[in-house]
Each structure stands twice: as C-alpha cells, then as structure tokens.
Amino acid sequence: MDGWTLVYDRFVPEEEGLREALCTLGNGYFATRGAAAEVSADGVHYPGTYMAGGYNRLATEMAGRVIENEDLVNLPNWLLLTFRIEDGAWFDLRQVEILEYEQRLDVRQGALFRTVRFRDVAGRETTLEHRRLVHMGDPHVCALDTTVTPRNWSGRLEVRSALDGTVINGGVPRYRQLNSQHLVPLQAAPVDDETVYLKVETSQSHIEIAQAARTRVYRSGRLEPVERRLIERPGYIAHEFTVDVEPNVAITLDKVVTFYSSRDRAITECGLEARTAISRQGSFGALLKTHANAWKHLWNRFDIGMKADVPNRHAEHTALVLRLHVFHLLVTVSLHSIELDVGVPARGLHGEAYRGHIFWDELYIFPFLNLRMPEISRALLRYRYRRLPEARAAARAAGCLGAMYPWQSGSNGREETQQVHLNPKSGRWLPDHSHLQRHVNAAIAYNIWHYYQVTGDVQFMAFFGAEMLIEIARFWACLASYNEEIDRYEILGVMGPDEYHDGYPDNGEPGLNNNAYTNLMAAWVLWRALEIFYALPYDKRDELCEKLVVRPDEIEHWEDISRKMKVCFHDGGIISQFEGYEKLEELDWEGYREKYGDIHRLDRILEAEGDTPNRYKLSKQADVMMLFYLFSAEMLEELFDRLGYDFDHGMIPKNIDYYDARTSHGSTLSRVVSSWVLAREDRPGSWELFVEALESDVADIQGGTTAEGIHLGAMAGTVDLVQRCYSGIVLRDDTLWLNPRLPKELRDLQLRICYRGHCLKLDMTPERLEITSLPSMAAPIKIQVRDELHQLVPGETKRVVLR
C-alpha cells in the first residue's frame with residue numbers, strides 16, 4: 001500500500017456495487033461509476049453516468065395521487081466495450097475461471113485499472129488489461145482502453161463498442177416503483193469508419209446530451225484497420241468487428257468519447273461539438289498524460305500529508321482513505337464547476353440516492369473548499385443566489401418575508417423533498433415531513449459568512465452574499481413569533497438536524513417547537529446579517545435598502561430577536577434539543593442492540609414495530625452537538641451572553657456526554673461531528689471516532705448504502721477534521737488562529753491552505769509549527785498562534801515551538 005492506490009485483489013459480486021461507487025471517475029462536469037466496461041445494469045453491476053445539474057422530472061401515480069419527483073438522470077452509458085471468443089458467449093467474468101484479478105483506483109492520477117487472467121470453459125487462457133479516465137483537463141472527454149492477450153490459443157475475437165441511451169434510473173431499489181425512463185432518443189448515426197454518435201434528451205427538462213465514440217484497434221502497439229458492422233436501434237448505436245488473434249500478441253481496443261450537453265457554454269449545438277471534438281482527440285495514452293498532469297496540479301493544492309498510527313491498519317491506510325475522500329470531492333466539484341450553475345449533491349455524482357439533490361451537507365463541504373480553492377466555493381454559493389427568487393416565492397407561500405430555501409434542491413430551487421418515503425423494514429410508504437428542516441437556511445448563511453471570513457471577498461458580499469444573508473435573516477425574523485409572557489421569541493413547527501423527531505407523540509400535526517439548534521442558528525444569522533449590513537460600503541448598502549425595501553424598524557426587529565430568542569434547558573445545564581424533550585421516554589438501548597444488532601436506523605425499526613421515535617430521547621445524528629461543531633467555545637459564550645443565558649465551558653462536555661449516549665449514529669455525518677466536539681476534551685476518543693468516520697464509505701458501515709452513492713458530507717467532514725479541527729484553525733476578528741492539538745496517533749501533518757490571498761504551507765508536529773507564505777502580491781495577514789500574534793507577509797516563514 002502506497003497511500004495513493006485503492007486495490008481490490010479478488011472479484012466479489014456482492015461487493016461490486018460498493019466498488020463501482022468508490023471507483024467512480026469524474027471531473028466536476030460529469031462522472032461515471034467504476035463498473036466494468038463489458039457489463040450492463042443487472043443485480044450485480046450498475047453502470048451510471050451523471051452530469052452536474054442534469055435533472056429531469058417525472059410523475060408517478062401512487063396510492064391514488066400523482067407524485068412528481070426530480071432526479072439526477074442516468075445518462076447514456078459510454079463505457080460499453082465487450083468481446084467474445086469465436087462464436088461463444090459475450091464475456092462475463094462470472095462465467096469464467098478467474099486465475100488472477102486486480103482492480104486499482106489510482107487517486108494520484110485519477111485513473112482506474114483492472115487486470116484479469118481467466119480460463120474459459122474451452123480451457124482458453126486470456127489476460128485482460130483495462131484502463132479508464134474521465135479527463136480532468138478537458139471536461140468533455142473520457143476514454144478507456146482494453147488489451148486482450150491470448151495465452152494458449154488463437155482464433156477470432158469479436159468486439160462490440162457501443163453507446164447506450166436506453167438506460168434508466170434504476171440504481172436505488174426503493175425508488176423502483178417510481179417512473180424512471182428519463183431519456184428520449186433523438187439521433188444515432190456513424191460519423192466515420194471508426195466513430196459513432198448518439199444524441200438524446202431528457203423528457204421534461206429537455207436537456208440534450210450528445211456523445212461521440214471513436215474505437216481503434218492496435219496490434220502490438222500498431223494501428224490495425226478492421227471492417228466494422230453498424231448496429232443501430234432507437235437510443236443505441238454500436239460498431240462490431242472481428243480481429244484475428246494469436247498467442248501472446250496483445251490486441252488493444254482504444255475507445256475515446258466526447259460528451260457535450262445543451263447546457264454548455266460557448267457552443268453552437270451539442271451534437272456538432274461532440275462530433276467535432278472527437279476528431280481532435282489523441283489516443284488513450286496521450287490523454288492519460290495530460291489528464292494525470294491536471295490531477296498533479298490539483299494535488300499540489302489539495303493534498304494532506306500526514307503520518308499516523310492506526311492499530312490493526314497499514315501505516316498508509318489512513319492517508320489513502322483521506323486522499324480517497326479528497327479525490328471524490330474533486331470528482332464532484334472541481335475547477336470546471338466554477339463555470340457551471342451547480343450545487344453539491346449530497347451523494348456526489350456517484351449514484352442515484354437522494355435523487356442527486358442538494359441538502360445542507362454543503363455545510364460540511366465548504367470549509368474544506370474555502371481553504372483550498374475558494375473560487376469553487378464562490379461558484380457554488382452563486383448556485384444558491386440564482387435560486388433566490390424561488391426561495392422568496394417559497395417564503396411568500398409559507399406566509400413569510402425573505403427567502404426560504406428548500407431542504408432538497410435540484411434544478412431551479414423549488415422544494416424537491418419527497419411527500420412520502422418507503423420504510424424498507426415495514427414495506428410501508430409514510431408521510432415525509434423533512435421539508436420542515438428550515439435550518440438549511442442557516443447552513444447557507446453560515447457558508448456565506450465563512451467564505452467571506454476566509455477570502456475577505458467584499459465584492460462577492462456586496463453583489464451576492466449580503467442580499468442572501470438579508471433575505472434569510474428576514475425569513476427567520478418572520479418565522480419567529482413573540483411570546484409576551486416570557487418576553488422571548490419562539491420558532492414553532494420545525495424539524496432539527498436529528499431527523500428522528502418530526503413531531504410530538506400523540507399529536508397529529510408535524511413539527512417541533514423551539515429546536516435549540518434552529519433557534520440559536522437563527523439568532524446567529526440575524527446577528528451576522530446586522531454585522532454585514534453595517535460593514536457594507538455606504539453606496540451598496542443604500543442600493544440594497546432600496547432594492548429590498550429594508551426599513552429601519554426592520555433592522556431594529558432583527559436586533560431584538562437576536563437578543564431574545566428562546567432556548568430551553570433541562571437537568572441543570574442540558575440544552576434541550578427541543579421544547580418538551582425532557583418529557584420523552586428513555587429507550588432501552590441495550591435491549592434493542594441485543595434484539596436487532598445494527599440499530600443505526602432506529603426510526604425504521606420502531607416504525608416497523610408500530611412505534612415511533614417521537615416517543616423517545618434518541619437521535620439519528622448530532623442536533624444540539626452541531627452547535628459545538630460549528631462554533632468555538634468562545635463564540636458560543638458570546639452568543640449565549642447576547643441572548644441573556646448563562647453559559648460556561650463545562651456545559652460543553654456535559655451536553656456531549658448526554659446526547660452521545662442517546663445517538664444511534666444513523667447518519668454518516670454523526671461520527672464526524674462527535675469526533676470534532678470530543679477533540680477539545682478527549683483526543684483519544686476523538687481519534688477513535690475519526691477512524692470510524694473514515695471507514696463510513698470505504699467499508700460501507702451502513703450496510704449497503706454506499707453502492708447507491710458516496711456520502712460526500714462525511715467524506716469532506718473527515719478531511720476537515722484533519723485540516724481545521726486537529727490543526728486548531730479558527731477564523732475570527734480578521735485573524736487566522738492556529739492552536740494545534742494533534743492526537744498522539746497523528747505524528748506529522750502538512751497542509752497548504754488559502755487565506756486572504758495568501759497560499760500558506762503549514763507543517764506541524766506535536767512539538768512545533770512552521771508557517772510559510774508563498775511569494776505573492778497579497779497584503780500582510782494576522783496569524784494568532786495560541787497567545788502569540790504574528791504578522792505574516794508573502795515569502796515569509798514563522799516557526800513556533802508548541803511544547
């Protein structure tokens with residue numbers, strides 16, 4: 001193990017779905033799952049290609065009503081390249097004797113490799129070598145090559161290279177009762193003797209997708225002409241040809257594909273662009289060189305160097321999995337995202353879970369991007385800005401002012417949350433109230449504020465960020481109702497991040513009152529909106545006031561709410577997750593573990609029993625603890641003080657212990673948060689949870705969910721644990737604070753981060769910290785290391801002894 005390569009050394013059909021998700025290749029424009037080139041969707045394999053922003057809506061009649069869902073569409077399968085020997089069956093790894101097998105994902109150069117030596121039923125032994133890329137330099141290019149080497153036989157090899165637009169969205173079993181045929185065929189035709197072309201469109205959103213595929217044959221490295229047969233049917237086109245082969249002489253099948261859509265910029269028509277671009281492409285080998293070079297440049301910015309000791313693991317395993325997480329972040333959002341109108345799907349571009357929608361998970365993703373390539377963060381925030389009109393309309397429909405962003409977002413920013421969801425344990429379709437998670441608005445505001453803290457990008461705030469913050473603040477001010485009896489503001493009828501509780505037991509109406517996380521985040525948003533409002537240049541503030549009709553009494557109202565929001569407590573300093581939480585029953589945790597073993601999804605278990613999690617003190621994931629994840633102890637003290645509540649640092653471990661004992665970790669995000677909040681007081685416990693969180697996808701600890709798409713928030717969260725939590729990075733008062741507290745298992749850490757125009761190299765051990773600002777034109781910055789304040793200019797290095 002070298003810290004850069006994920007290796008599988010045997011073929012396990014039951015694990016193929018997981019491996020296909022983990023071996024997805026992409027470039028931020030589109031991504032393709034790591035399915036073998038010769039397979040189609042079946043019970044084992046699921047090839048899938050997804051384009052950022054490639055959504056479509058379909059209606060399905062269920063239980064007497066029509067439900068419309070929007071999905072990230074599975075686009076034409078460009079991978080298809082298969083073969084058969086003589087007139088035998090088309091190659092199927094499950095139908096041959098596997099003599100050797102290795103599949104390697106090389107995250108350093110962003111390429112997938114597979115080597116198989118097999119023996120068929122006739123005793124013929126063959127070596128199959130496969131390479132694949134989705135080009136990081138040119139977002140419209142992907143390629144593969146397959147080398148077939150007979151070992152003990154000669155004869156005819158029949159090859160089929162295809163583009164398949166007849167695919168459906170069928171990757172998530174629980175969605176299969178919904179309509180899934182999103183693609184309509186438009187054109188299929190040969191381009192020249194070695195190239196075919198396919199064009200389809202989505203049925204409702206009318207996004208046109210064009211692919212052109214050129215397939216060449218090389219014998220021992222020399223181009224070999226072949227006579228091809230064209231196979232064509234609606235939505236499908238292929239070339240078939242026959243090659244004579246002999247023992248130990250390699251036949252390489254080189255397939256290069258171009259991919260364009262009607263959403264692209266600087267094009268005339270996507271089909272013409274695909275056909276023109278394919279004529280300009282080199283071989284797979286030439287493309288691999290330029291592709292690997294693009295990845296090299298990314299790793300110069302995004303890599304995390306570390307030396308860590310993990311019991312029962314190879315020394316490089318932790319570094320590999322961390323890099324795998326960075327890799328999949330860049331597969332989903334990259335430099336190409338800067339020019340796109342896209343958000344960050346919670347499950348990446350890796351599968352169809354959550355229908356490719358954008359949730360609050362970006363709260364875990366932006367901090368990493370902010371400090372590495374803030375240009376990407378800026379582009380992703382503009383996805384939210386462009387959907388501000390839809391958020392305003394949603395707020396008006398709910399009887400509120402301002403902007404109410406949806407819990408699930410897709411193409412145009414309307415609420416995409418499903419109306420019903422399936423419990424696979426009971427087989428019942430249940431009402432879905434998760435759209436009441438209004439805290440997604442606070443997450444967007446938090447991301448805006450922290451992007452600004454990292455970059456100091458006044459222009460972004462003046463033209464985009466401040467307007468979103470003000471409109472979100474207006475929404476919270478409108479949602480909050482004043483209670484004269486207690487002289488406090490309350491927020492009623494919402495859901496918190498926990499998700500297990502969507503209402504009170506024996507109450508027919510959904511929603512909870514005074515969720516602590518929601519209330520405190522609303523108060524914080526109002527506070528920050530006031531701060532940025534007064535920090536704006538006078539001319540821009542006046543323009544915004546006129547445009548948004550911001551009145552002085554409205555500003556005074558925000559001030560009042562931000563000082564009088566209600567927070568509930570119980571048991572002497574425990575922040576109540578919501579009002580009435582203390583009245584709920586305790587769950588028999590040991591009894592349920594003994595009965596079911598895996599109790600990550602207690603909500604499904606309880607519903608299948610005819611019960612409800614609304615009756616119990618339990619959480620799927622962090623709720624109150626999110627406060628300790630997002631804010632430093634000092635910031636929380638300021639926030640509670642502003643609200644007129646007592647707060648001391650001892651409340652943090654007390655609340656952590658209380659809620660950790662009542663959390664099932666039913667979300668991959670939960671361990672990230674728990675690890676973070678424990679880092680202050682219990683570094684060994686934090687490291688243990690960090691290691692568990694690292695395994696969330698690579699080991700599929702939730703028992704099958706990763707095959708439907710990786711968990712991008714958890715991946716980013718583990719990277720950010722190392723980047724910000726263990727390094728002690730805090731952004732406050734126009735100063736970069738560093739207070740490294742490395743766990744004893746983490747012996748050395750190297751980072752490269754961006755801050756206020758500086759590129760900073762950080763090198764730290766438990767004993768020392770070295771900070772270098774690479775030469776640039778940036779203005780000096782302030783850096784606080786524990787109790788020492790430093791000014792750093794470009795080209796300068798500071799060294800600090802930590803102990």
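The values are calculated or read from the model by the stated rules, or taken from the named source; none is laboratory data. Because the structure is predicted, anything quoted here is derived from the model rather than measured. For neighbour counting, all protein chains shown are included, and Cβ atoms are generated from backbone atoms with ideal geometry for every residue, glycine included. Surface accessibility is based on the protein's heavy atoms, side chains included, excluding ligands, DNA and RNA. Shrake-Rupley method; radii C 1.70, N 1.55, O 1.52, S 1.80 Å.
Scan segment 734-746 and give yes if some residue there is part of a strand (DSSP E or B) and modelled with pLDDT under 95, otherwise no. Yes; the residues of segment 734-746 include at least one that is part of a strand (DSSP E or B) and modelled with pLDDT under 95. From the list L544, L606, L520, L530, the lone residue that is part of a helix (DSSP H, G or I), without any contact (Cβ under 8 Å) to a residue 12 or more places away in the chain and either touching a Leu at 6+ places or on another chain (Cβ under 6 Å) or of a type in the set (A, V, I, L, M, F, W, C) (or both) is L606.
Listed here are the residues, each with its yes/no results for (1) in a helix (DSSP H, G or I); (2) open to solvent by less than 10 Å² (accessible area, probe 1.4 Å); (3) touching an Asp or Glu at 6+ places or on another chain (Cβ under 6 Å).
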| residue | (1), (2), (3) |
| --- | --- |
| G3 | no, yes, yes |
| V7 | no, no, no |
| F11 | no, no, no |
| G17 | yes, no, no |
| E20 | yes, yes, no |
| A31 | no, yes, no |
| A35 | no, yes, yes |
| E38 | no, no, no |
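Annotation note: of N179, N169, the sole residue that is assigned to a loop (DSSP other than H, G, I, E, B) and touching a Gly at 6+ places or on another chain (Cβ under 9 Å) is N169.
Do we find that E546 is farther than 17 Å from N515 by Cβ and open to solvent by 20 Å² or more (accessible area, probe 1.4 Å) in this structure? In short, yes. In segment 402-417, of all residues being under 17 Å from V73 (Cβ atoms) and touching a residue at least 60 places away in the same chain (Cβ under 8 Å), the one that is surrounded by the fewest Cβ atoms within 10 Å (Cβ to Cβ) corresponds to S411.
Taken as a whole, the structure places A523 among residues that are under 19 Å from M625 (Cβ atoms) and either among the hydrophobic types (A, V, I, L, M, F, W, C) or open to solvent by 10 Å² or more (accessible area, probe 1.4 Å) (or both). Taking the criterion of being in contact with a Ser or Thr (Cβ under 9 Å, 6 or more places away or on another chain) and open to solvent by 60 Å² or more (accessible area, probe 1.4 Å), the residues of segment 781-803 that qualify are K782, L789. Number of residues in segment 574-603 that are open to solvent by 20 Å² or more (accessible area, probe 1.4 Å), at pLDDT below 95 and not in a helix (DSSP H, G or I): the value is 5. If the condition is being surrounded by 20 or more Cβ atoms within 10 Å (Cβ to Cβ) and either outside any strand (DSSP E or B) or at pLDDT below 95 (or both), then segment 126-137 contributes H135, M136.
Applying the selection to segment 314-347, what residues are in contact with a helix residue (DSSP H, G or I) (Cβ under 8 Å, 6 or more places away or on another chain), assigned to a loop (DSSP other than H, G, I, E, B) and open to solvent by 30 Å² or more (accessible area, probe 1.4 Å)? Across segment 314-347, the qualifying residues are L340, D341.
Looking only at segment 70-86, count every residue that is in contact with a Leu (Cβ under 9 Å, 6 or more places away or on another chain), more than 23 Å from S337 (Cα to Cα) and modelled with pLDDT of 95 or more and tell me the total.
6
Across segment 281-307, the number of residues qualifying as open to solvent by less than 40 Å² (accessible area, probe 1.4 Å) and assigned to a helix (DSSP H, G or I) comes to 11.
Restricting to segment 243-280, name every residue that is in a strand (DSSP E or B) and open to solvent by 50 Å² or more (accessible area, probe 1.4 Å). Listed by number, the list holds a single entry, D244.
Take G666 and decide whether it is over 28 Å from the mean Cα position of the chain (by Cα) and not charged (D, E, K, R).
Here the answer is no, as G666 does not meet what is asked.
Within segment 422-440, identify whether any single residue is buried (at least 24 other Cβ atoms within 10 Å of the Cβ), polar (S, T, N, Q), touching an Asp or Glu at 6+ places or on another chain (Cβ under 8 Å) and in a strand (DSSP E or B), and answer yes or no. Among the residues of segment 422-440, not one is buried (at least 24 other Cβ atoms within 10 Å of the Cβ), polar (S, T, N, Q), touching an Asp or Glu at 6+ places or on another chain (Cβ under 8 Å) and in a strand (DSSP E or B), which makes the answer no. Among the residues making up segment 61-75, those that are on the phi < 0 side of the Ramachandran plot and out of contact with any Asp or Glu (no Cβ under 6 Å at 6 or more places or on another chain) are E61, M62, R65, V66, I67, E68, N69, D71, L72, V73, N74, L75.
Taking the criterion of being modelled with pLDDT of 95 or more and either open to solvent by 50 Å² or more (accessible area, probe 1.4 Å) or more than 19 Å from N519 (Cβ to Cβ) (or both), the residues of segment 561-573 that qualify are R563, K564, F569.
Tallying residues that are among the polar types (S, T, N, Q) and under 23 Å from I209 (Cβ atoms) within segment 259-296 yields 6.
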